[in-house]
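The values are calculated or read from the model by the stated rules, or taken from the named source; none is laboratory data. As the structure is a computational prediction, the values presented were derived from the model and not from experiment. Every residue, glycine among them, receives a Cβ derived from its backbone with ideal geometry; neighbour counts consider all protein chains shown. Quick note on the areas: whole protein, heavy atoms, side chains included, nothing else; ligands and nucleic acids left out. Shrake-Rupley method; radii C 1.70, N 1.55, O 1.52, S 1.80 Å.
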Amino acid sequence: MLTVGCHLSASAGNMAMVETARKIGANTFAFFTRNPRGAKARAEDAADSALAVAALKEHGFGKLVAHGSYTMNLCTAEKEARDFACSLLCDDLRRMAALPDNYYNFHPGSHVGQGVDVGISQIVDALKTALKPGYPVTVLLETMAGKGSEIGGSFHQLKQIIDGVGSDAVGVCLDTCHVYDGGYDIVNDLDGVLAEFDNIVGLDRLKALHLNDSKNPFASHKDRHECIGQGSLGLDTFRNIVNHPVLSRLPLILETPNELPGYQKEIAMLREMNTK
Ligand code: FE
Ligand code: FE
Ligand code: ZN
């Protein structure tokens, strides 16, 4: 069975997300660890998390894919702002112990004119600081569309970060909209793109997917998500993904422009397309 779900609101706590996920046919989900456009995190609630952990196990959920705040830029130019971003990462990774053995995905950052190499070394430093040995979490770098000075728009950049950190607890979350916008043609040559990923990063580092269609054409470097089958990727691309021997085993997270009923339909559609 596919492990598929969507982004859910964390506002009512962890157990509420498990219940919502079950109602819409999901067996994984994503959530923001703190306000996606700010820094504030919810109060920690150990009892709620314990209930959620038991329910996830009882109902056979796959790994969850938490998402760091969009505003957390680990390679921003100003030292004070960078230190603040790093403190958010530290707190997020510490908090992941409440839902152990899941994934924490984030956008590597934007170097804002400092240059790719400086940006990458700052991201590496932040990860080395925040990712303490023995933490029950794997950090996933998200593949980006390469908008502005975004880092993570190429597999080589992700590989540089992974090598810099030098930990098995770092992997990649491939966002279908981002890679297509970023110039990797998963519509016409999914296997070729995966072979390239395997050569550069190693497929064993690929741990999760964000499933999004794109409002923009190939290599547009734009990053605007569209509902599954309604954008430039098209339904067949997602059919290929959910029947792919490697990809179909990973947690698949929808971040399409939907409310819960729309997500429920997309989850059902993906399950139906999965015939292998
Ligand atoms: Fe993201
Ligand atoms: Fe994404
Ligand atoms: Zn995006």
*Once fully extended, how much extra length lies between Ser87 and Lys265, figured as 0.36 nm per residue of separation less the alpha-carbon to alpha-carbon distance?*
60.3 nm
*Using a Förster distance of 51 Å, the FRET efficiency for Ala47-Asn188 (Cβ separation, nearest 0.05)*: 0.55
*asked:* Can you compute the modelled spin-label distance between Met1 and Lys79, with each label point 7 Å from Cα toward Cβ, in nm?
replied: 5.3 nm
*May I ask for the distance between the Cα centers of segment 234-276 and segment 187-225, given as a whole number of Å?*
15 Å
*Dipole magnitude (debye, nearest 20) for the chain, charges at Cβ of Lys, Arg, Asp, Glu*: 520 debye
_Largest to smallest principal axis extent of the C-alpha atoms in segment 144-273, angstrom_ = 42, 31, 27
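What FRET efficiency do you get for Val112 and Asn240 if R0 is 30 Å and r is their Cβ-Cβ distance, rounded to the nearest 0.05?
In this case the efficiency is close to 0.25.
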*Note down the accessible area of Thr28, probe 1.4 Å, to the nearest 10 Å².*
0 Å²
*Apply 1/(1 + (r/R0)^6) to the Cβ-Cβ distance of Ser167 and Arg224, taking R0 = 30 Å, and write down the FRET efficiency to the nearest 0.05.*
0.35
_To check my understanding: the extent here is largest minus smallest coordinate of the Cα atoms along each principal axis. What are those three numbers for the chain, in Å, largest first?_
49, 47, 29
*Determine the calculated [θ] at 222 nm for the chain from helices alone, applying -39500 (n - 2.57) to every DSSP H run no shorter than 4 residues and normalising by the residue count; nearest 500 deg cm²/dmol.*
-12000 deg cm²/dmol
*√(5λ) per eigenvalue of the Cα gyration tensor, segment 1-101, largest first, Å*: 27, 14, 11
_Extension gain (nm, one decimal) between Ala97 and His59, 0.36 nm per residue minus Cα-Cα_ = 11.7 nm
_Running a GNM on the chain with Cα contacts under 10 Å, which residue among Asn105, Asn27, Asn199 ends up with the highest mean-square fluctuation?_
Asn199
*Which of Ile228, Ile151, Gly192 sits farthest toward the positive end of the charge dipole of segment 90-248, with +1 on the Cβ of Lys and Arg and -1 on the Cβ of Asp and Glu?*
Ile151
